[in-house]
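The values are calculated or read from the model by the stated rules, or taken from the named source; none is laboratory data. All values reported here derive from a predicted model rather than from experimental measurement. Quick reminder, even Gly has a Cβ in these numbers, built from the backbone with ideal geometry, and neighbours come from all protein chains shown. Surface accessibility is based on the protein's heavy atoms, side chains included, excluding ligands, DNA and RNA. Shrake-Rupley method; radii C 1.70, N 1.55, O 1.52, S 1.80 Å.
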Amino acid sequence: MASSTGLGKSAPDNAVSDDSERTAFGEAEAPGADVYEDMPAQGNPSVDVASQWQLMRWKFMRHKAAVVALWFVIGIYAIGLFCEILAPQDPNETNGSFAYAPPMGIHLFEEDGTFNPHVKGLTSERDRLTFRLEYAVDPEVIIPIRPFVKGDSYRMWGLFEWDRHLFGTVDPEANFFLLGADRLGRDNFSRIIYGTRVSLSIGLVGVALSLAIGLVLGGVSGYYGGRVDNIIQRVIEFLRSMPTIPLWMGLAAAIPLTWPPLGVYFMITILLSLIGWTSLGRETRGKVMSLKNEDFVIAARLDGVSEFRIITRHLLPAFMSHTIAVTTLAIPQMILAETALSFLGIGLQAPVVSWGVLLQEAQNVNTVATAPWLLLPGVAVVVAVLALNFLGDGLRDAADPYAK
Amino acid sequence: MLAYIARRLVAMVIMMFLISIASFVIIQLPPGDFLTTYVASQEQGSSVSIQQIEFLKQKYGLDQPFYVQYWRWISGIVFNGDFGYSFNWDKPVSELIWGQLGFTLLLSVATLLFAWAVSFPIGVYSAVKQYSIGDYIVSFIGFIGLAIPNFLLALVLMYIGFKYFGQSVGGLFSPEYRDAPFSLGKLWDLFKHLWVPIIVIGTAQTAELIRIMRANLLDELNKPYVTTARAKGMSEIRLIFKYPIRIALNPFVSTVGWVLPNLVSGAVIVSVVLNLPTVGPLLLNSLQSQDMYLAGAFILLLSVLTLVGTIVSDILLALLDPRIKLE
């Protein structure tokens with residue numbers, strides 16, 4: 001339970017005991033009922049011999065929300081992976097005569113009932129007072145939509161040139177804005193799809209970095225204890241007591257504007273992990289401390305096993321499952337942080353497309369009132385974060401399959 | 001108790017020292033020194049004389065090593081309340097910051113109280129009526145509350161206010177009160193505007209606190225002393241309020257240590273969107289124009305305020321639960 005040493009701060013991860021930090025969704029099993037519904041009954045030989053990972057899988061499957069979330073997460077990452085094919089248009093292609101064009105709904109049938117998926121064309125007229133383009137649907141113009149059309153060409157994963165898109169207009173020159181267009185007439189839908197790649201990967205890269213630092217420092221802190229532990233704990237407390245957004249803002253603003261986008265991208269991930277590692281470090285420390293005096297570790301030590309081998313062979317596997325769960329829960333934090341920084345204009349910069357960069361377009365109320373669809377990247381953020389949170393929640397419950 | 005407070009105060013001073021170094025490093029990070037930026041920005045006005053530049057160089061020790069510069073900066077703050085000079089506003093930083101900081105503090109504390117006031121009853125309900133429909137609804141809303149970036153919530157609220165109520169929800173005062181002297185009417189006007197940012201900033205923390213309250217109370221509800229009290233025929237409401245809630249309350253109160261930094265962070269970013277007269281917009285602006293003394297002062301003071309808030313709450317907690325200081 002919470003240990004309030006030094007500055008006496010109870011961090012969120014130890015304000016609550018490990019077993020109890022479950023939400024309603026994670027505790028669906030009623031007390032007394034068989035824990036694993038779809039697994040063989042207790043006493044059945046297949047349970048007794050099931051491996052730990054098998055038990056975890058059973059437990060995870062019980063958490064219905066997490067299973068649904070897992071499919072969502074897989075789907076979102078697939079979008080990020082295949083965004084060139086999925087996006088009907090080049091995300092950076094501008095079209096001045098379609099600034100803030102509204103979303104076009106796809107109609108499956110024509111007026112006379114023939115099957116022909118299409119969108120209706122738009123006519124635009126400039127308002128004399130506001131100089132804004134006013135759009136009206138032109139029912140006469142039918143732009144057919146087909147699967148696997150040839151469109152803007154792209155380099156798939158930087159490997160080969162291709163021009164097929166999952167769906168799009170038959171005529172490559174036609175305009176098709178499924179979710180509307182932005183200030184420069186760029187296709188909002190395609191941009192959200194492309195943003196998926198950057199926003200999700202920044203979460204992954206950032207968490208990988210945090211995990212590396214957190215595992216090493218948290219592990220050292222928990223394993224050796226004493227003065228080293230004390231110093232590392234104070235550092236973590238120090239980092240956690242700073243309000244993160246102002247700190248990030250200060251550091252991110254120092255990135256020179258002349259840097260290439262890739263450099264900025266990595267700099268931002270490093271900044272995010274600078275604070276992100278602390279929670280992983282704390283978790284690791286707690287686990288290592290509780291494990292290092294377990295019988296199997298002492299037995300290994302008495303047998304003369306080297307320290308390196310004890311750590312990598314006995315300790316690491318013992319809390320791997322837990323670490324995976326905590327890591328999953330850290331990814332959404334990274335995504336939210338990147339979105340916030342980019343939204344403020346001190347994170348990633350155009351021409352890089354991330355959800356935060358897209359939301360920058362929706363910074364003031366007048367723009368949002370003219371083009372509410374510019375808030376849609378925010379919906380993407382919420383869906384991704386929600387799915388990852390549910391998934392992490394389920395993994396955390398499953399990480400300890402022996403708990404009731 | 002006094003020994004505990006003394007220990008905490010010493011730790012606080014050390015932390016403040018570290019924070020001041022971190023803030024100063026941030027000031028120094030942008031390439032070149034700020035004087036070059038200043039001179040470049042003044043070129044059109046051409047009001048900068050060579051003497052003035054020399055004077056500033058001397059004053060802030062720009063040709064001196066890092067530690068000398070740091071010492072001049074921090075000693076100016078500690079002994080004279082001099083936070084340096086804002087080149088963007090052409091004013092001493094200390095003239096610019098206090099009003100904004102006050103509003104930030106007001107907003108953060110008000111949000112903290114809001115988050116506690118809302119999450120406490122809901123958390124208790126959610127734990128006592130575990131697995132009820134209400135519990136599921138609360139948990140689900142909580143998950144969503146955690147997933148929505150607060151600036152997005154601010155944007156959506158502004159959009160709704162604009163579209164359906166035809167009013168702007170930004171700012172802390174109506175136009176007619178913005179520059180008016182302090183009065184009861186102005187205070188009332190402030191309250192009318194304050195609830196939007198409070199809800200926006202507080203949502204995520206409230207969701208988190210509900211989770212914590214629920215989990216803590218569930219731990220307590222399964223303990224034998226609860227069963228004993230129940231077996232002795234104590235009324236359910238009295239039982240819950242008299243024993244488990246009081247114990248579950250401690251971890252809840254101690255959350256201020258990490259809730260406060262989050263609220264300050266949230267206040268900064270939401271203020272930019274809602275255009276509140278808090279630190280947010282000015283900090284962002286100073287960072288973008290590399291007005292580093294101003295930015296450094298904000299980062300320093302926000303961190304120090306957070307630290308002080310945390311320690312005050314820790315001491316209160318120690319008064320509440322004497323076991324804590326023994327650890």
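With (1) open to solvent by less than 20 Å² (accessible area, probe 1.4 Å); (2) farther than 14 Å from residue B:201 by Cα; (3) within 12 Å of another protein chain (Cβ to nearest Cβ); (4) not aromatic (Phe, Trp, Tyr) as the list, and residue B:160 as the residue in question, which single condition is left unmet?
In the conditions (1) open to solvent by less than 20 Å² (accessible area, probe 1.4 Å); (2) farther than 14 Å from residue B:201 by Cα; (3) within 12 Å of another protein chain (Cβ to nearest Cβ); (4) not aromatic (Phe, Trp, Tyr), residue B:160 misses (1) alone.
Pick from region B:278-294 the residues that are in contact with a Ser or Thr (Cβ under 8 Å, 6 or more places away or on another chain) and closer than 13 Å to residue B:100 by Cα: which of them is most open to solvent (accessible area, probe 1.4 Å)?
B:281
With respect to residue B:74, determine if the residue is without any contact (Cβ under 8 Å) to a residue 40 or more places away in the chain, more than 14 Å from chain A (Cβ to nearest Cβ) and surrounded by 15 or more Cβ atoms within 10 Å (Cβ to Cβ).
Spelling it out, it is not the case that residue B:74 is without any contact (Cβ under 8 Å) to a residue 40 or more places away in the chain, more than 14 Å from chain A (Cβ to nearest Cβ) and surrounded by 15 or more Cβ atoms within 10 Å (Cβ to Cβ).
Okay, residues lined up against (1) within 30 Å of residue A:327 (Cβ to Cβ); (2) open to solvent by 50 Å² or more (accessible area, probe 1.4 Å); (3) not aromatic (Phe, Trp, Tyr); (4) not in a helix (DSSP H, G or I):
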residue: A:131; (1), (2), (3), (4): no, yes, no, yes
residue: A:139; (1), (2), (3), (4): no, yes, yes, yes
residue: A:147; (1), (2), (3), (4): no, yes, yes, yes
residue: A:151; (1), (2), (3), (4): no, no, yes, yes
residue: A:167; (1), (2), (3), (4): no, no, no, yes
residue: A:185; (1), (2), (3), (4): no, no, yes, yes
residue: A:212; (1), (2), (3), (4): yes, yes, yes, no
residue: A:215; (1), (2), (3), (4): yes, no, yes, no
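So residue A:265 clears everything in (1) open to solvent by less than 70 Å² (accessible area, probe 1.4 Å); (2) under 30 Å from residue A:52 (Cβ atoms); (3) aromatic (Phe, Trp, Tyr) except one condition, right? Which one?
Condition not satisfied by residue A:265: (2).
Considering only residues that are open to solvent by 20 Å² or more (accessible area, probe 1.4 Å) and among the polar types (S, T, N, Q), which ones fall in region A:169-183?
Residue satisfying the conditions is A:175 alone.
Could you run through region A:63-89 and say how many residues are open to solvent by 60 Å² or more (accessible area, probe 1.4 Å) and not in a helix (DSSP H, G or I)?
Residues flagged as open to solvent by 60 Å² or more (accessible area, probe 1.4 Å) and not in a helix (DSSP H, G or I) within region A:63-89 amount to 1.
Tally time: how many residues in region B:98-129 are within 30 Å of residue A:64 (Cβ to Cβ) and loosely packed, with under 15 Cβ neighbours inside 10 Å?
Here the count works out to 2.
Take the residues of region B:7-18 that are more than 7 Å from chain A (Cβ to nearest Cβ) and not basic (Lys, Arg): which is farthest from residue B:71 (Cα to Cα)?
Ranking the candidates gives B:9 first.
At least 2 residues that are within 21 Å of residue B:119 (Cα to Cα) and assigned by TED's automatic domain parsing to the domain that holds residue B:126 in each: list the helices (runs of 4 or more DSSP H) lying fully within region B:212-259 that qualify.
Passing ranges, in order: B:236-242, B:244-254.
Output the residues belonging to region B:222-242 that are surrounded by 11 or more Cβ atoms within 10 Å (Cβ to Cβ) and either under 33 Å from the mean Cα position of the chain (by Cα) or on the phi > 0 side of the Ramachandran plot (or both).
Correct list: B:240, B:241, B:242.
Quick grid of which residues meet (1) under 21 Å from residue B:146 (Cα atoms); (2) within 11 Å of chain B (Cβ to nearest Cβ); (3) buried (at least 24 other Cβ atoms within 10 Å of the Cβ):
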{"residue": "A:335", "(1), (2), (3)": "yes, yes, yes"}
{"residue": "A:339", "(1), (2), (3)": "yes, yes, yes"}
{"residue": "A:344", "(1), (2), (3)": "yes, yes, yes"}
{"residue": "A:366", "(1), (2), (3)": "no, yes, no"}
{"residue": "A:370", "(1), (2), (3)": "no, yes, no"}
{"residue": "A:384", "(1), (2), (3)": "yes, yes, yes"}
{"residue": "A:397", "(1), (2), (3)": "yes, no, yes"}
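Scan region A:217-259 residue by residue and report those that are within 12 Å of another protein chain (Cβ to nearest Cβ) and not in a helix (DSSP H, G or I).
Correct list: A:242, A:243, A:254, A:255, A:256, A:257, A:258, A:259.
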